[in-house]
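The structure appears below as C-alpha cells.
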Amino acid sequence: MTSTPSDTPVQPTEAAPANDQATRQARSQAVHPVLEKLFELYPHLFGNEFLPLKLGIFQELLAAHPEQFQRDTLKAALGRHTRSARYLQSVAAGKQRYDLQGHAVEDVSPAHIYLAMLELFRRRQGRSNEDLRPRLRLQLIAAFETSGLTRQDYLSQVQTNDVDANAILEEALAEFDQKLARQEALFRAFEASGKTPQEFAEMYGMNLRDVMAALDRHPSTVNPA
C-alpha cells in the first residue's frame, strides 16, 4: 500500500539545513490556501474538531477535486494537518477514521495511536520542566487495554527502534501487570471474606466505588450483590 500523509506514522522532525529555509517558507505559504479549501469543503473533518482521516483519503481528494488540488500542495497540506497537535490528539484518543462523507469507516491502528501519543509526549516534555512520563505510561496502559491484544501482539505492532520509547512502553506494561496483580489480590480477599462489597470496603477502609470497579473488572465477578 502506498503511504499517504494521512496514514504515515509521525516521526520526530529533524532540523532543516539553512539553505532549505526559502523552500520551506514558499511551501508553507502554498499550503495555506489548500488548508482553507479543505476546511471549506469538509468542515466536519477539518473544522473545529479534527478527526482521523480514512486511509487513502489523499487519492480520494485528488480524484474528487482535480480542479481544486494539485498533488504536491495537497500532499504538503495534509502533511501539515496530520502533524498538528489537534490531529494527533484525535488519533491518540483512539477515535475512528472518517471518510469524506463524514462516516466512521475504520479503527485507528494501535501503532498509530502509540506513535501519536509518543509525539505529543515529546512535544509537551520539550516545553515542560515536569516529568511527563508517568502520565504517558497511564495513557499507554489505557491504549493497551483498549486494543484487546495480547502483550506479545501489542509489542509486535507498536515497538520501534527508539530505545527510550521502548523503555517507557515496557515500564507501562510492567505497571499494568502490577495493576492486574493488585486487582487479583483484592478479588481473592473479597471472595474469602464472605462480605458484601459495602462491608468489605468498610472493613478495609476503602472507597466502595473503587472496590466495585475492581470487582467488575474481574472476569469471575458478575454483578456482586
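Only the coordinates and a few stated rules stand behind these numbers; no lab work does. Predicted model, so just to flag it, every value in this text is computed and none were measured. Reconstructed Cβ throughout: ideal geometry from the backbone, glycine too, with neighbour counts over all protein chains shown.
So what is the relative contact order for region 145-225, in percent, with contacts set as C-alpha pairs under 8 Å and at least six apart? Before the final figure, lay out the partial values.
Working: 30 pairs, mean separation 17.0, N = 81.
Relative CO of region 145-225 lands at 21 percent.
Packing here is the average count of other Cβ atoms within 10 Å per residue, and on that basis the peptides 42-49, 135-142, highest first, run 135-142, 42-49. Going from the fewest other Cβ atoms within 10 Å to the most, the residues VAL158, VAL163, VAL34 appear in the order VAL163, VAL34, VAL158. Each residue of region 117-126 was assigned a 3J(HN,Hα) from its phi angle through the Karplus expression (A = 6.51, B = -1.76, C = 1.60, θ = phi - 60°), giving 4, 5, 5, 5, 4, 4, 5, 5, 5, x Hz with x at Gly and Pro.
Comparing Cα centroids, region 178-210 and region 77-125 end up 38 angstrom apart. Computed from phi, the 3J(HN,Hα) profile of region 202-209 under the Karplus parametrisation 6.51, -1.76, 1.60 (θ = phi - 60°) reads 5, 5, 9, x, 9, 6, 4, 4 Hz, with x in place of Gly and Pro. The magnitude of the dipole of region 50-93, with charges of +1 and -1 set on the Cβ of Lys/Arg and Asp/Glu and taken from the Cα centre, is near 200 debye. The HN-Hα couplings worked out from phi for region 181-193 by the Karplus form 6.51 cos²θ - 1.76 cosθ + 1.60 (θ = phi - 60°) are 5, 5, 5, 5, 5, 5, 4, 5, 5, 5, 4, 6, 6 Hz, whole numbers, x standing for Gly and Pro. When a/c is below 1.5 the answer is rounded, else prolate if a/b is larger than b/c, else oblate, so apply that to region 126-201 with a ≥ b ≥ c taken from the square roots of the Cα gyration tensor eigenvalues. Prolate shape, in that a/c is at least 1.5 and a/b is the bigger ratio.
Scanning residues 5 or more positions from ARG97 or on other chains, those with amide H under 5 Å from its amide H are VAL105, GLU106, ASP107, VAL108, with H placed 1.01 Å from N in the peptide plane.
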